[in-house]
Amino acid sequence: MKSKRKDILDTIKNLHKVHTKTQLKKMTKSGLIRLVIKLEKFIVSSAYERYKSKLPRLKTRQKALPKLDMLKVRKVLPKHKAKRKFSAKQLAAQRLFAKRAKAGTLRRRR
């Protein structure tokens, strides 16, 4: 079994390019800072994952739903309202009202 340190070093090698001392000396300050930030992000995320793996799993128990009597449910449900039926005269008045509203001539009658 591999040691933890060697395991982490292997993952760093796989994810990030390993630089030699001469390569690091040739790099600019901003390049070095970017490299350090990348490695820092990797170290923080891998440490977080390892810590999380050590925590115990959350155990959730599913609560049983109460059984409902179908006769009681039918009594509780509201009934549908009856659809209103308009006479021909009322429908004609509604059409006229809609036309006037669309035309913008809708005013109160005195």
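See the values below:
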item: Karplus (6.51, -1.76, 1.60) ³J(HN,Hα), θ = phi - 60°, over the stretch 32-38, in Hz, Gly and Pro reported as x; result: 5, 5, 4, 4, 5, 5, 4
item: For the stretch 89-96, 3J(HN,Hα) per residue [Karplus equation, 6.51 cos²θ - 1.76 cosθ + 1.60, θ = phi - 60°, Hz, x = Gly/Pro]; result: 5, 5, 5, 5, 5, 5, 4, 4
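Here, each number is a calculation from the coordinates, and none is a lab measurement. Remember, it's a predicted structure, so these values are computed and weren't measured experimentally.
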